[in-house]
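For reference, the structure is listed below as structure tokens.
The values are calculated or read from the model by the stated rules, or taken from the named source; none is laboratory data. In this text the structure is predicted, and so the values were computed from the model without any measurement. Glycine gets a Cβ as well: all are built from the backbone with ideal geometry, and neighbour counts include every protein chain shown.
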Amino acid sequence: MNATSFINQLKDSNAWMRKSKALRYSAQAVVESSVKTLESVPVVDGKRCPDDAATDMLIDVHGNGIFLYSLSVECALKALIIKKSPHEIEVSATIDGSGELTSAELKKIGKHSNDLHNLVYLAELSGLLKPGDRPDRRDLLNYATEAIRWLGRYPVPKSSVDKSRPSGNLPIAAYGLHFSDFICEFLDEIDNAFDHD
């Protein structure tokens, strides 16, 4: 992609929202597939009895769905920020001696460049979350941030200190089979803010 096209796509909030919706659709398909697979496991004495390998695979596949939902939130929040506050986006550009733009790179969103995946920060920057507000929403977004950083990508986090443990502001189901119910509520809120801004 040439630098001009990159910058044009970067500042196109509708492109970010389209990507968010595609990721959400993909996440839904992955989660529905994992649930159907779980439902197909044989029932013995009234209980589903998957073997350990099948259980591990189902957990990993469902984790991939959580990862995709989390990426959907990230793209949706960035779409909203780009639409409402384009001045918060900083791009580094390289221009050659003839004045031609040769490369461009997203440097930061808001004041921070070190973590473009922090969903709590992005939600605050978008105006959908006030500092200190909604501990339940913060817990959900912190968990989704960890899903982006490692849960949906690697078998272990970067360090042994687990940052994804729930603090008790949400029911435990929000971190598992019912994650989609909780995160879709927030995605709908972002969509509404995007459509009415």
Total residues in segment 5-14, condition exposed (fewer than 13 other Cβ atoms within 10 Å of the Cβ) and in contact (Cβ under 8 Å) with a residue 24 or more places away in the chain: 1
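Give me the residue from segment 96-152 that is among the basic types (Lys, Arg) and out of contact with any strand residue (DSSP E or B) (no Cβ under 7 Å at 6 or more places or on another chain) and, out of that set, nearest to Ser180 (Cα to Cα). Explain how you work it out, then say what you get.
Of all residues in segment 96-152, those among the basic types (Lys, Arg) come to 107-108, 111, 130, 134, 137-138, 149.
After this cut, where a residue has to be out of contact with any strand residue (DSSP E or B) (no Cβ under 7 Å at 6 or more places or on another chain) as well, the list is 111, 130, 134, 137-138, 149.
On the way: Lys111: 30, Lys130: 23, Arg134: 18, Arg137: 13, Arg138: 16, Arg149: 18 Å.
Only one residue tops the list, namely Arg137.
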Options Leu77, Leu140; residue that is buried (at least 17 other Cβ atoms within 10 Å of the Cβ) and out of contact with any Ser or Thr (no Cβ under 8 Å at 6 or more places or on another chain): Leu140
Can you pull out the residues in segment 143-162 that are surrounded by 14 or more Cβ atoms within 10 Å (Cβ to Cβ) and small (Gly, Ala, Ser)? Ala144, Ala147, Gly152
Scan segment 158-176 residue by residue and report those that are under 17 Å from the mean Cα position of the chain (by Cα), part of a loop (DSSP other than H, G, I, E, B) and at pLDDT 80 or above. Gly176
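Does Met17 fit the bill of being surrounded by 20 or more Cβ atoms within 10 Å (Cβ to Cβ) and closer than 30 Å to Ser103 by Cβ? Even if it seems obvious, please write down each step before you answer.
On the way: surrounded by 20 or more Cβ atoms within 10 Å (Cβ to Cβ): yes; closer than 30 Å to Ser103 by Cβ: yes.
Against the criterion (surrounded by 20 or more Cβ atoms within 10 Å (Cβ to Cβ) and closer than 30 Å to Ser103 by Cβ), Met17 qualifies.
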Does Leu119 qualify as being on the phi < 0 side of the Ramachandran plot, aliphatic (A, V, I, L, M) and either surrounded by fewer than 19 Cβ atoms within 10 Å (Cβ to Cβ) or modelled with pLDDT of 85 or more (or both)? yes
Among the residues that make up segment 83-104, is at least one of them closer than 27 Å to Leu125 by Cβ and surrounded by 18 or more Cβ atoms within 10 Å (Cβ to Cβ)? yes
Say we look at segment 166-191 and pick out the residues that are among the hydrophobic types (A, V, I, L, M, F, W, C) and in contact with a Lys or Arg (Cβ under 8 Å, 6 or more places away or on another chain); which of these is surrounded by the fewest Cβ atoms within 10 Å (Cβ to Cβ)? Cys184
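Tell me whether segment 110-119 contains one or more residues that are among the aliphatic types (A, V, I, L, M), under 14 Å from the mean Cα position of the chain (by Cα), closer than 23 Å to Ser13 by Cβ and part of a loop (DSSP other than H, G, I, E, B). Before the answer, list the steps.
We begin by selecting, within segment 110-119, every residue among the aliphatic types (A, V, I, L, M); these are 116, 119.
Restricting the remaining residues to those that are under 14 Å from the mean Cα position of the chain (by Cα) gives 116, 119.
Restricting the remaining residues to those that are closer than 23 Å to Ser13 by Cβ gives 116, 119.
Narrowing further to those that are part of a loop (DSSP other than H, G, I, E, B): 116.
For segment 110-119, residues among the aliphatic types (A, V, I, L, M), under 14 Å from the mean Cα position of the chain (by Cα), closer than 23 Å to Ser13 by Cβ and part of a loop (DSSP other than H, G, I, E, B): present.
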